Amino acid sequence: MKRTKYAALGAAALALALGVSGCSGGSGGGTATVNATQGASDQGKLPTTAWDTADYSDVKDGGTLTLPISALPSNWNSGTVDGNTSDQIKVLLSPTTGGPVRIKDDGTWEMNPDYATEVKLVSTDPQVVEVKLNPKAVWGDGAPMTYKDFESAWKAFNGSDTSFQVASTNVWEDISSVERTDSDSNFKITFKNKNADWPSILVGPSFEASVTKDPATFNDAYKTTPVPSSGPYEVSNVDTTGQVVTLKQNPKWWGEKPKLDTIIVKTIESQDALAQAYANKEVDALGIGSGIVSPDVYNTASKRDDGEIQRAGGLTWYHFDFNAKVAPLDDVKVRQGIARAINRDTIAQSRLEPLGAPVTTQNNYIYMPGQKGYTDDATSTIGYDVAKAGALLDDAGWKKGSDGMRAKDGKPLAISVTVPSGVATSANAAKQIQANLKAVGVELTIDTVPVAKFFSDYITTTDKKNFQTTLFSWVGTAFPVSSSQSIFYPADSEQNYNGVSDDSLGDLWKQANAELDPEKQRALAQKIDQTIFSYVPMVPISPTPTVSAVKKGLVNIGAVQFQDIDWTKVGWKS
């Protein structure tokens, strides 16, 4: 299960990805072709981009691409908490929207010429960014893309009006104004607080002013209706009965004509069904982005005779979450004790080894292995140590009885973990953690809930009380400092599902976001990371490589760590 720290909003986004990109339990196998076309990632020396690359002229005109999705959006507005999911952003919104900035294969950014003619930091004190939009850029209804769209987005996302149910206010809250300059296509962004990750808010998807004009529209108007398009494709049909979305070429698109005629997106809820659909040639690819699957899914996908497995470095990290607002998990010593009891190495091995991926634990809340700034701040605080786990639980008043299980004031130390149905990795990891906790006298029951309701009804609910512990993933970004803030601070942040924080983080994040010197920013980020580990809102388990199963001949899409997809070039090799 996965949520994504998505760069478009300087935020993190939840994701339920059922594609191949990591494993839990068992052994892998299969004769897979590994495609490595770009530079190497430090994470196990995997490439940063592993898809089959082809020039625009070498891609066939026409054709259909069929992709899977785990569930139709509960809100088509990705700026909302419920709509901020990886499935929607990577599969539905990526082809239909865009922005002035795009991410390159090495994780750095560049101007996207389809949407802008200039993006420049023109002043650092005060911090001012100037953007010149491509005057040809229009929305699906034909309205031009102007400064008004970005001004309206800033007003919605800056946090001043809490009626907007935004996924995050990161970066936006540091802006003092968005103003027109010499034309409606050109504007400047002035910051009241410096923010080094400012390009993150200019990565797509962008929002037409009609979407962000008022809270009622923003929150509710797109629960069943797609947002206006601004990309090479648009949503032409949503079949709620068959759970299928059809994308067609956007007739208002001003850039290079996209190669594909149609993109079909099918809802496939379970991992086993997804693998079988790919093996049966009902879908052309799976795991676009970073997903987590069982060895059975990987093996089934590997056997397709006209397919290949692509591996790239990853941004996804898997974790075990605490609801720290409810007893007994509101006690930091209980959380620390449970964290010490979990053997992260064995879970990581069972998830990653079957893929031939580097087996390592995730030891940082902000950076991924291979990113500059990554340090091991976990081992000294939550490293596997049964004796220390027991001592911490003893200190918290939970003593072992004659049966080996712990209790306090006659009440057993019993908690539950909520996992989605049909997601084998979550079930397998939960069983491993269950065994680990039993060894230190903690009872863990596994509560399986419908996969389509997992996030909306159990994790992202306003009161955050529909789970005690759970398992899913966050996906990092090229802007890891600002995009991670809303996960951990403040305690009542829309994305802080743990419901706990540390008061010192506010000032630390303010300093880190304002620090334009990368080395100094990384030093501040380590202080943030160490502070978070001191109260353990979640237990990071392992990073996950990006692994995609792709039909041979499909180009410019597949396994990737950073690079944004250019959907005009996605298609079938000529």
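Results for (1) within 15 Å of GLY99 (Cβ to Cβ); (2) in contact with a strand residue (DSSP E or B) (Cβ under 6 Å, 6 or more places away or on another chain); (3) β-branched (Val, Ile, Thr), shown as yes or no for each residue.
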site: SER152; (1), (2), (3): yes, no, no
site: LYS155; (1), (2), (3): no, no, no
site: GLN165; (1), (2), (3): no, yes, no
site: TRP172; (1), (2), (3): yes, no, no
site: GLU179; (1), (2), (3): no, yes, no
site: LYS194; (1), (2), (3): no, yes, no
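Hey, can you tell me all the residues within region 459-499 that are among the hydroxyl-bearing types (Ser, Thr, Tyr), closer than 24 Å to TRP198 by Cα and modelled with pLDDT of 95 or more? Steps first, answer last, please.
Let us first name the residues in region 459-499 that are among the hydroxyl-bearing types (Ser, Thr, Tyr), namely 460-462, 469-470, 473, 477, 482-484, 486, 489, 493, 497.
Cutting the leftovers down to closer than 24 Å to TRP198 by Cα gives us 477, 482-484, 486, 489, 493.
Result: TYR489, single match.
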request  = Working only within region 421-442, note down all residues that are hydrophobic (A, V, I, L, M, F, W, C) and within 21 Å of GLY383 (Cα to Cα).
outcome  = ALA429, ALA430, ILE433, ALA435, LEU437, ALA439, VAL440, VAL442
ask   = Mind checking whether some residue in region 149-166 is of a type in the set (D, E, K, R), buried (at least 21 other Cβ atoms within 10 Å of the Cβ), in contact with a Lys or Arg (Cβ under 7 Å, 6 or more places away or on another chain) and part of a helix (DSSP H, G or I)?
value = no
inquiry  = Looking for something among the aliphatic types (A, V, I, L, M), closer than 30 Å to ILE309 by Cα, modelled with pLDDT under 95 and not in a loop (DSSP other than H, G, I, E, B) - is there at least one such residue anywhere in region 528-549?
reply    = yes
request  = Working only within region 406-432, note down all residues that are hydrophobic (A, V, I, L, M, F, W, C) and touching an Asp or Glu at 6+ places or on another chain (Cβ under 6 Å).
outcome  = ALA414
request  = Look at PHE157 and say whether it is at pLDDT 95 or above and in contact with a helix residue (DSSP H, G or I) (Cβ under 7 Å, 6 or more places away or on another chain).
outcome  = yes
request  = Please go through region 47-99 and pick out each residue that is farther than 25 Å from THR212 by Cβ, among the polar types (S, T, N, Q) and either without any contact (Cβ under 8 Å) to a residue 40 or more places away in the chain or crowded, with 22+ Cβ neighbours inside 10 Å (or both).
outcome  = THR48, THR49, SER57, SER70
message = Among the residues that make up region 108-127, is at least one of them under 27 Å from PHE218 (Cβ atoms), among the acidic types (Asp, Glu), in contact with a Lys or Arg (Cβ under 8 Å, 6 or more places away or on another chain) and at pLDDT 95 or above?
response = no
task = Could you give me the residue pairs with C-beta distances under 9 Å whose first residue belongs to region 505-529 and is closer than 18 Å to ASP376 by Cβ, whose second residue is of a type in the set (Asp, Glu) and in a helix (DSSP H, G or I) wherever it lies, and which are 6+ apart or on separate chains?
result = none
key: Test: THR460 is closer than 26 Å to ASP492 by Cα and either without any contact (Cβ under 8 Å) to a residue 60 or more places away in the chain or buried (at least 19 other Cβ atoms within 10 Å of the Cβ) (or both)   = yes
remark   = Considering residues that are under 16 Å from GLY231 (Cα atoms) and outside any strand (DSSP E or B), the number found within region 73-126 is 20
ask   = Which of the residues belonging to region 389-407 are surrounded by fewer than 16 Cβ atoms within 10 Å (Cβ to Cβ) and charged (D, E, K, R)?
value = ASP394, ASP395, LYS399, LYS400, ASP403
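Of the residues SER177, SER160, SER168, SER185, which is under 27 Å from GLY231 (Cα atoms) and free of Cβ contacts under 8 Å to residues at least 24 places away in the same chain? Working first, answer last.
Working: SER160 fails: under 27 Å from GLY231 (Cα atoms); SER168 fails: free of Cβ contacts under 8 Å to residues at least 24 places away in the same chain; SER185 fails: free of Cβ contacts under 8 Å to residues at least 24 places away in the same chain.
Residue meeting the stated conditions: SER177.
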query = Between residues in region 391-409 that are within 21 Å of THR381 (Cβ to Cβ) and residues that are part of a helix (DSSP H, G or I) and among the β-branched types (Val, Ile, Thr), which pairs lie under 6 Å by C-beta distance while being six or more apart or on different chains?
reply = ALA396/VAL334
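Go through region 377-388 residue by residue and tally those that are out of contact with any Asp or Glu (no Cβ under 6 Å at 6 or more places or on another chain), closer than 30 Å to GLN521 by Cα and surrounded by 15 or more Cβ atoms within 10 Å (Cβ to Cβ). Show your work before the answer.
Initial filter on region 377-388 (out of contact with any Asp or Glu (no Cβ under 6 Å at 6 or more places or on another chain)): 378-388.
Those still in the list that are closer than 30 Å to GLN521 by Cα too: 378-384.
Of the ones still in play, those that are also surrounded by 15 or more Cβ atoms within 10 Å (Cβ to Cβ) are 378, 381-384.
Number satisfying all stated conditions: 5.
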request  = For region 440-454, state whether one or more residues are under 30 Å from the mean Cα position of the chain (by Cα), under 25 Å from GLY314 (Cβ atoms), surrounded by fewer than 22 Cβ atoms within 10 Å (Cβ to Cβ) and basic (Lys, Arg).
outcome  = no
ask   = How many residues are over 25 Å from LYS510 (Cα atoms) and touching a Phe, Trp or Tyr at 6+ places or on another chain (Cβ under 8 Å) when one looks only at region 188-205?
value = 0
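Is it the case that some residue within region 363-372 is in contact with an Asp or Glu (Cβ under 6 Å, 6 or more places away or on another chain) and either without any contact (Cβ under 8 Å) to a residue 24 or more places away in the chain or on the phi > 0 side of the Ramachandran plot (or both)?
Initially, region 363-372 is screened for residues in contact with an Asp or Glu (Cβ under 6 Å, 6 or more places away or on another chain), giving 363-366, 370.
Next cut, either without any contact (Cβ under 8 Å) to a residue 24 or more places away in the chain or on the phi > 0 side of the Ramachandran plot (or both) only: 370.
Taking every residue of region 363-372 in turn, at least one turns out to be in contact with an Asp or Glu (Cβ under 6 Å, 6 or more places away or on another chain) and either without any contact (Cβ under 8 Å) to a residue 24 or more places away in the chain or on the phi > 0 side of the Ramachandran plot (or both).
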request  = State the number of residues belonging to region 513-522 that are of a type in the set (A, V, I, L, M) and either modelled with pLDDT of 95 or more or not in a helix (DSSP H, G or I) (or both).
outcome  = 1
inquiry  = Residues that are out of contact with any strand residue (DSSP E or B) (no Cβ under 8 Å at 6 or more places or on another chain), crowded, with 20+ Cβ neighbours inside 10 Å and aromatic (Phe, Trp, Tyr): does region 560-571 have at least one?
reply    = no
task = Please verify whether region 295-305 includes one or more residues that are assigned to a loop (DSSP other than H, G, I, E, B) and either crowded, with 24+ Cβ neighbours inside 10 Å or without any contact (Cβ under 8 Å) to a residue 40 or more places away in the chain (or both).
result = yes
query = What are the residues in region 57-108 that are over 21 Å from VAL238 (Cα atoms), under 17 Å from the mean Cα position of the chain (by Cα) and of a type outside the set (Gly, Ala, Ser), if any?
reply = VAL81, ARG102, ILE103
task = Could you list all residues from region 470-495 that are farther than 22 Å from LYS90 by Cα, surrounded by fewer than 24 Cβ atoms within 10 Å (Cβ to Cβ), out of contact with any helix residue (DSSP H, G or I) (no Cβ under 6 Å at 6 or more places or on another chain) and in contact (Cβ under 8 Å) with a residue 12 or more places away in the chain?
result = PRO490
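The values are calculated or read from the model by the stated rules, or taken from the named source; none is laboratory data. Note that the structure is predicted; figures quoted are calculated from it, not measured. In this analysis, Cβ positions are derived from the backbone assuming ideal geometry, glycine residues included, and neighbour counts consider all displayed protein chains.
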